[in-house]
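Take a look at the structure set out below.
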Amino acid sequence: MSKYIALPKSVTEATFDKAIAAFQRILGADNVLISAMQLTPYRKTMMAVADDSHAPSAAIVAHSVEQIQEILTVCNKYKVPVWTISTGKNLGYGSAAPGERGQVVLDLKRMNKIIEVNAELGYALVEPGVTYQQLYDYIQEHKLPLWMSCPAPSAIAGPLGNTVDRGVGYTPYGEHFLFSCGMEVILATGEVLRTGMGGVQNSNTWQVFKWGYGPSLDGIFTQSNYGIVTKLGIWLMPEPPAYKPFCIRFPDETDIVDIVETIRPLRIANVIPNAIVIASTIWEAAVTIKRSSVYQGTGQIPDDVLKEVAKNNNLGAWNVYAALYGSPEQIEVNWQIINHFFKKHPKARIVTAEEEGNNPVFQYRADLMRGKPNLTEFGLYNWRGGGGSMWFAPVSQAMGGETLKQMEMAKRILAKHGLDYVAEFIVGWRDMHHIIDVLFDKSNPEEVKAANACFSELLDEFTKAGYGTYRTNTEFMDKVAETYGPVQRKVFQKLKRALDPNGILSPGKSGIRI
């Protein structure tokens, strides 16, 4: 019987023994994990699959660039694939488990240094294991007049991993890759690449000027497996003199069209400078209540029950969150503009921090829009219970006409599989994300099967309607990659073969292999 719970593809146990021995020499035995108990954190996922389908053969914990370079020498020698994680807390998109069964997880959580925070220029340089909470605490402890941007939930996740996966936040700096500057990347050969101005010896502009000279390379190391990002520069927002978070609640699902049509010009003109979240009733209610307390039936929760939930919990069918930043005078001018735009919607109910007091639903949104990390949105996982969650993330134009079409399609597919519509629209600038959390009970085999089929159907139907998916979990990466056409996949493959000819770095990430 094998001592390993899985083996890498096309690698014999004898060969893998040699690789493990080499890893132990480099890292020490305590940092090379092979027993089933040790690997438990790297096996559990929230996806609608059996956990063993993504079971790793081992997990290795690196502490430095030099150790990673030595690890890659071993991987190339024995053709052992590694799946790299930073904090491993990307729960809605796959967590710490590898993309394919048998891959070795390369865990970088111990590389957790905040290398620099520059208050004058407003940037930080961080390693993969730095968490948003760690960076926030550093800024607070040093009394720096800076705000970071973080996703939700974020305290245990990290800025490097989130940015490299092209995640987003809720401040004016919320498009995280856009507000990054300079990467250090270890290539499959062990070479260390510093992008942009980082290639210039003794440069002091690595974190302030994005482009350098020649083609810009940073983008090819996002959502890819062409290298291992070990340092990332991120821009931090100057703390504004004043800040005004607010929420606009609408009573009916069909109001979504008017909502988007009203806020789009405000967002494009930067009257509202941050991404605008339009959250459904369930998304917000799950912060404080469970599904079983309002509905014990089977199938999708009925609309009349949702209306009652909204009424009893001071929520709308849609809850629009945004904020204003700047001097009190600037905020007052923009506040008057916003009120003018929403006067034509008599059903709209505008509330601010003064009216909301200690409402936990409003408070966690207000914190996110000022870059204060929290874990509140994990309440979504208590709504249905059972630990199953997969985030579906199609993108469209920020047009009201897109919303009803998408919502009706999503509700119909989810209802077919007995699942609730738990969603939010996020208006970036000209784009709009429609984030749907497919929640299910992972301990129930029938719900697991239904959730997998539901996610697959959502992807099929939204793709047919012309909506591309911008992020996905590890189970559906190949299927999403197929939706972008054969030419794009061939280009990705050519880059992979050139940069990683042995295919040792995260095979299958974003559907990319040699």
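The values are calculated or read from the model by the stated rules, or taken from the named source; none is laboratory data. A quick note: this is a predicted structure, and the numbers were derived from the prediction, not measured. As a convention, Cβ positions derive from the backbone with ideal geometry for all residues, glycine included, and neighbour counts pool all protein chains shown. Surface areas here come from the heavy atoms of the whole protein model, side chains and all, with no ligands, DNA or RNA. Shrake-Rupley method; radii C 1.70, N 1.55, O 1.52, S 1.80 Å.
Results, tabulated for the structure shown:
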read-out: Any hit, segment 215-235, residues being open to solvent by 10 Å² or more (accessible area, probe 1.4 Å) and more than 24 Å from the chain's Cα centre (by Cα); value: yes
read-out: Residues being buried (at least 21 other Cβ atoms within 10 Å of the Cβ) and of a type outside the set (S, T, N, Q) - total across segment 500-510; value: 5
read-out: Pair list, Cβ under 6 Å, 6 or more apart: segment 487-514 residue free of Cβ contacts under 8 Å to residues at least 60 places away in the same chain and over 12 Å from Ser224 (Cβ atoms), other residue part of a helix (DSSP H, G or I) and open to solvent by 30 Å² or more (accessible area, probe 1.4 Å); value: Ile514/Arg497
read-out: Residue within segment 246-255 that is open to solvent by less than 30 Å² (accessible area, probe 1.4 Å) and among the hydroxyl-bearing types (Ser, Thr, Tyr) present; value: no
read-out: Gly158 being on the phi < 0 side of the Ramachandran plot and open to solvent by less than 30 Å² (accessible area, probe 1.4 Å); value: yes
read-out: Failed item, numbered, when Lys496 is tested on (1) surrounded by fewer than 21 Cβ atoms within 10 Å (Cβ to Cβ); (2) assigned to a helix (DSSP H, G or I); value: (1)
read-out: Qualifying residues in segment 123-146 (those that are aromatic (Phe, Trp, Tyr) and open to solvent by 20 Å² or more (accessible area, probe 1.4 Å)) - the one farthest from Ile426 (Cα to Cα); value: Tyr138
read-out: Residue satisfying all of: in segment 269-312; touching a Gly at 6+ places or on another chain (Cβ under 6 Å) and under 13 Å from Arg384 (Cα atoms); modelled with the lowest pLDDT among these; value: Val287
read-out: Tabulated pairs, segment 326-338, first more than 13 Å from Asn270 (Cβ to Cβ) and surrounded by fewer than 16 Cβ atoms within 10 Å (Cβ to Cβ), second at pLDDT 95 or above and of a type in the set (Gly, Ala, Ser), C-beta under 6 angstrom, 6+ apart or interchain; value: Pro328/Ala242
read-out: Near pairs, Cβ below 6 angstrom, 6+ apart or cross-chain, from segment 74-91 (over 20 Å from Val164 (Cβ atoms)) to any residue that is basic (Lys, Arg) and surrounded by fewer than 21 Cβ atoms within 10 Å (Cβ to Cβ); value: none
read-out: From the options Ala322, Ala393, residue that is out of contact with any Leu (no Cβ under 7 Å at 6 or more places or on another chain), open to solvent by less than 10 Å² (accessible area, probe 1.4 Å) and farther than 22 Å from Leu459 by Cβ; value: Ala322
read-out: Tally, over segment 178-214, of residues that are of a type in the set (Phe, Trp, Tyr), out of contact with any Cys (no Cβ under 8 Å at 6 or more places or on another chain) and either closer than 25 Å to Ile504 by Cα or surrounded by fewer than 17 Cβ atoms within 10 Å (Cβ to Cβ) (or both); value: 2
read-out: Residue check, Ile115 at pLDDT 95 or above, more than 30 Å from Ile34 (Cα to Cα) and in contact with a Lys or Arg (Cβ under 8 Å, 6 or more places away or on another chain); value: yes
read-out: Selection count, segment 262-311, where residues are open to solvent by less than 70 Å² (accessible area, probe 1.4 Å), in contact (Cβ under 8 Å) with a residue 12 or more places away in the chain, over 20 Å from Ile350 (Cα atoms) and not hydrophobic (A, V, I, L, M, F, W, C); value: 3
read-out: Lone unmet requirement of (1) free of Cβ contacts under 8 Å to residues at least 40 places away in the same chain; (2) at negative phi; (3) in contact with a strand residue (DSSP E or B) (Cβ under 6 Å, 6 or more places away or on another chain) for Gly196; value: (2)
read-out: From the options Glu116, Glu100, residue that is in a strand (DSSP E or B) and either open to solvent by 10 Å² or more (accessible area, probe 1.4 Å) or in contact with a helix residue (DSSP H, G or I) (Cβ under 6 Å, 6 or more places away or on another chain) (or both); value: Glu116
read-out: Pairs, first in a loop (DSSP other than H, G, I, E, B) in segment 438-466, second open to solvent by less than 20 Å² (accessible area, probe 1.4 Å), C-beta under 7 Å, six or more apart; value: Lys442/Gly388
read-out: Pick from segment 396-436, criterion under 19 Å from Phe250 (Cβ atoms) and of a type in the set (Lys, Arg), ranking: surrounded by the fewest Cβ atoms within 10 Å (Cβ to Cβ); value: Lys405
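Results for (1) out of contact with any His (no Cβ under 6 Å at 6 or more places or on another chain); (2) at pLDDT 95 or above; (3) of a type in the set (Val, Ile, Thr), shown as yes or no for each residue.
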| site | (1), (2), (3) |
| --- | --- |
| Glu66 | yes, yes, no |
| Leu72 | yes, yes, no |
| Tyr78 | yes, yes, no |
| Val82 | yes, yes, yes |
| Thr87 | yes, no, yes |
| Asn90 | yes, no, no |
| Gly102 | yes, yes, no |
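So that you can scan it fast, the table gives a plain yes or no per residue for (1) open to solvent by less than 50 Å² (accessible area, probe 1.4 Å); (2) not aliphatic (A, V, I, L, M):
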| position | (1), (2) |
| --- | --- |
| Val438 | yes, no |
| Ala453 | yes, no |
| Glu457 | yes, yes |
| Gly466 | no, yes |
| Arg471 | yes, yes |
| Thr474 | yes, yes |
| Val480 | yes, no |
| Gly485 | yes, yes |
| Gln488 | no, yes |
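Matching residues to (1) part of a helix (DSSP H, G or I); (2) at pLDDT 95 or above; (3) of a type in the set (Asp, Glu):
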site	(1), (2), (3)
Pro373	no, yes, no
Glu377	yes, no, yes
Tyr381	yes, no, no
Phe392	no, yes, no
Thr403	yes, yes, no
Met407	yes, yes, no
Ile413	yes, yes, no
